[in-house]
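Step one of this worksheet: look at the structure below.
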Amino acid sequence: MNKVDLNLPIRAGTTVIGPLSILRMKSEEAVQLVRTSVQLRYPLEIAICNAHTTLTAIDDPAFAKTLQQMTLLNDGIGIDLASRFLNGKDFPDNLNGTDLIPDILANVGIPLRIFLLGATEHRVKLASEHIEATYPLHEVVGYRNGYFDMDQSAAICDEINRTRPDLLLVGMGNPRQEDFIVQNRPELDATVAIGVGALFDFMSGSVIRAPKAVQAVGLEWLFRLLQEPRRLFHRYVVGIPRFFAALVKLKRAGRDA
């Protein structure tokens, strides 16, 4: 079940993929959701689910339980194909974090206090500078690298809380970023917390995004694999066939139910 309070002014159905119920939102609705949450000071935790995230949740019930406590959005062609295969319909928009977060920053319409957590110290610092230069309406009130032991979480939460952020962006990869958000939510004084994956690597200029034409045909994953074959080989070359095999199993289970 999604955590979103349905009293918020949104009109979104959901798509169920395995243990996850993912909101069906257009990008402007997602921006509106963040804006409303900040204005009402309503705590909101967002996870952006791609094929890798979803397969991890299918494999790991503990991670699925973590995601079930968050508001889930869709990311990428894999999850769109999954929705089409299992439910016969696409998602309205691709809400991958690399596009959604800039969309929020550009269109939310209210000033935000932002804290960045994740990546290396150098990359998160450059991402901070990029946000302040590109979106002057907002203020980056703090940043910190994502290389720490989870037993340091209380100190990290204290550091974040001293800055009183409206928006906490956590870029530490799955499942670490979602685990951090959910496990520490009672101690975190940030209105909206979003797991953003590799966003800071892109914002810092350390990793190059695929050309728009490659993105348009759904092959950004292949571009990334060619850039970082050693790190991403298992996720894509092994993970994609496993993901589609899992979808076939879910489809059969649905027919047999």
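Which one is farthest from residue 82 (Cα to Cα), of the residues in the range 169-179 that are touching a helix residue (DSSP H, G or I) at 6+ places or on another chain (Cβ under 8 Å) and either part of a loop (DSSP other than H, G, I, E, B) or in contact (Cβ under 8 Å) with a residue 60 or more places away in the chain (or both)? My answer is 169. Exactly one residue out of 149, 166 is within 22 Å of residue 122 (Cα to Cα) and either surrounded by fewer than 13 Cβ atoms within 10 Å (Cβ to Cβ) or touching a residue at least 60 places away in the same chain (Cβ under 8 Å) (or both): that is 149.
One residue is enough: does the range 198-206 have a residue meeting the conditions in contact with a strand residue (DSSP E or B) (Cβ under 7 Å, 6 or more places away or on another chain), surrounded by 17 or more Cβ atoms within 10 Å (Cβ to Cβ) and over 26 Å from residue 58 (Cβ atoms)? Yes, the conditions are met somewhere in the range 198-206. Please determine, by comparing only the residues of the range 12-21 that are free of Cβ contacts under 8 Å to residues at least 60 places away in the same chain and in a strand (DSSP E or B), which one is farthest from residue 81 (Cα to Cα). Filtering first and then ranking leaves 13.
Here is a yes/no grid of residues against (1) under 14 Å from the mean Cα position of the chain (by Cα); (2) closer than 14 Å to residue 15 by Cβ; (3) crowded, with 16+ Cβ neighbours inside 10 Å:
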position: 70; (1), (2), (3): yes, no, yes
position: 74; (1), (2), (3): yes, yes, yes
position: 77; (1), (2), (3): no, no, yes
position: 81; (1), (2), (3): no, yes, yes
position: 85; (1), (2), (3): no, yes, no
position: 95; (1), (2), (3): yes, yes, yes
position: 115; (1), (2), (3): no, no, yes
position: 121; (1), (2), (3): no, no, no
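Considering only the range 185-224, how many residues are under 18 Å from residue 146 (Cα atoms) and among the aromatic types (Phe, Trp, Tyr)? Count: 2. Annotation note: of 105, 100, 73, 86, the sole residue that is under 18 Å from residue 175 (Cα atoms), touching a helix residue (DSSP H, G or I) at 6+ places or on another chain (Cβ under 7 Å) and not in a loop (DSSP other than H, G, I, E, B) is 73.
Within the range 110-144, track down each residue that is assigned to a strand (DSSP E or B), over 18 Å from residue 177 (Cα atoms) and in contact (Cβ under 8 Å) with a residue 40 or more places away in the chain. Residue satisfying the conditions is 113 alone.
Where a number appears in this text, it was derived from the coordinates with a stated rule and is not lab data. These numbers were taken from a predicted model, which means no experiment stands behind them. Please note: Cβ atoms are built from the backbone with ideal geometry, for glycine as well, and neighbour counts cover all protein chains shown.
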